[in-house]
Amino acid sequence: MSLTKLVLIRHGESEWNKKNRFTGWYDVKLSNNGILEAIKAGNYLKKIGFKFDLAYTSVLKRAIFTLWYILKELNLVWIPIIKNWRLNERHYGSLQGLNKKETSEKYGIDQVNKWRRSFNEIPPKIDIINPLFTGYDKKYYGLNKEQIPLSESLSMTYKRVLPYWRNCILKNLKDKKKILIVAHGNSLRSLIKYLNNLNDEEISKIEVPTGKPLIYEFDKDFEVKNCYYIKNKKF
């Protein structure tokens, strides 16, 4: 019996990843290296014969562009792409734009690690007059005020990602669609926590690398049977 497969990929390196800055909902471009990572991911998937019927991504261009580069390599630019804010990176509040090393020096490495890795720790909220607040962006016009965060813990990100997985993505997977999801470190960590049934401590140790395809294989009941990075690099 063949297993249903799903591919998850974190976007390629962004310009702010390269500068070691907290990014969150701020909409930055891919770095040149990030573009190469996306192209390489597409080549990897092509070499092992992956085809897709449908792709999901966030509304942030570092994920969207990564997906475009991957689909170009696969000669699948024509397939439907569904973009949704629920797959956005977690919102880092007033940390957005700050250098991680400098922030650690200011607040202490332990506190910054809690903001970054803890399941429930919420970074300081961003002020809506801050130039890095993106809630007024046109891409969020359809959302109500309560849906636009000023900061998020991983737990809050999990709570917005999971309904989208259950109500939209999983439904298409059960309809035998071959699906690719290109998103962000923490929206993908939310999915990984759920799919792998990880506790809060276990998910704190998971780091999702940029541009590396993560393959899930499901049985007929859509229980996870295997989970691995290409080249059999398991976490």
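The values are calculated or read from the model by the stated rules, or taken from the named source; none is laboratory data. Because the structure is a prediction, the values reported are computed rather than measured. With ideal geometry, Cβ positions are generated from the backbone for all residues, glycine too; neighbour counts draw on all protein chains shown.
Condition (residue is within 23 Å of LYS159 (Cα to Cα) and in a loop (DSSP other than H, G, I, E, B)) applied to segment 63-79: is it met by at least one residue?
Looking only at segment 63-79, we keep the residues that are within 23 Å of LYS159 (Cα to Cα), and these are 63-64.
When the remaining residues are screened for being in a loop (DSSP other than H, G, I, E, B), the result is none.
The answer is no, given that none of the residues of segment 63-79 is within 23 Å of LYS159 (Cα to Cα) and in a loop (DSSP other than H, G, I, E, B).
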(1) in contact (Cβ under 8 Å) with a residue 60 or more places away in the chain; (2) under 18 Å from THR4 (Cβ atoms); (3) more than 19 Å from the chain's Cα centre (by Cα) all hold for CYS168 apart from (3)
State the number of residues belonging to segment 28-59 that are surrounded by fewer than 17 Cβ atoms within 10 Å (Cβ to Cβ) and within 30 Å of ILE128 (Cα to Cα).
-> 1
Pairing a residue in segment 151-163 that is without any contact (Cβ under 8 Å) to a residue 60 or more places away in the chain with any residue that is among the small types (Gly, Ala, Ser) and in a helix (DSSP H, G or I), where Cβ atoms lie under 8 Å and the two sit 6 or more apart in sequence or on different chains, gives TYR158/SER190; LEU162/SER190
Which pairs do you get when a residue that is in a helix (DSSP H, G or I), found in segment 33-47, comes within reach of a residue that is at pLDDT 95 or above and among the polar types (S, T, N, Q), reach meaning Cβ atoms under 8 angstrom, with the pair 6+ apart or on two chains?
-> GLY34/SER14; GLY34/ASN17; GLY34/THR66; GLY34/THR210; GLU37/THR66; GLU37/THR210; ALA38/THR66; ALA41/THR66
Got at least one residue in segment 106-122 being within 19 Å of the chain's Cα centre (by Cα), in a loop (DSSP other than H, G, I, E, B) and farther than 25 Å from LEU198 by Cβ?
-> no
What do you reckon, is THR103 β-branched (Val, Ile, Thr), in a helix (DSSP H, G or I) and closer than 22 Å to LEU60 by Cβ?
-> yes
Which of the helices (runs of 4 or more DSSP H) contained wholly in segment 139-231 include at least 2 residues that are of a type in the set (Gly, Ala, Ser) and surrounded by 19 or more Cβ atoms within 10 Å (Cβ to Cβ)?
-> 185-195
The residue that is farthest from the chain's Cα centre (by Cα), considering only those in segment 80-100 that are part of a loop (DSSP other than H, G, I, E, B) and over 30 Å from LYS46 (Cβ atoms), is LEU98
Output yes when any residue across segment 3-12 is closer than 26 Å to ARG116 by Cα and part of a loop (DSSP other than H, G, I, E, B), and no when none is.
-> yes
Listed residues VAL112, VAL77; which is under 23 Å from ILE230 (Cβ atoms), among the aliphatic types (A, V, I, L, M) and free of Cβ contacts under 8 Å to residues at least 24 places away in the same chain?
-> VAL77
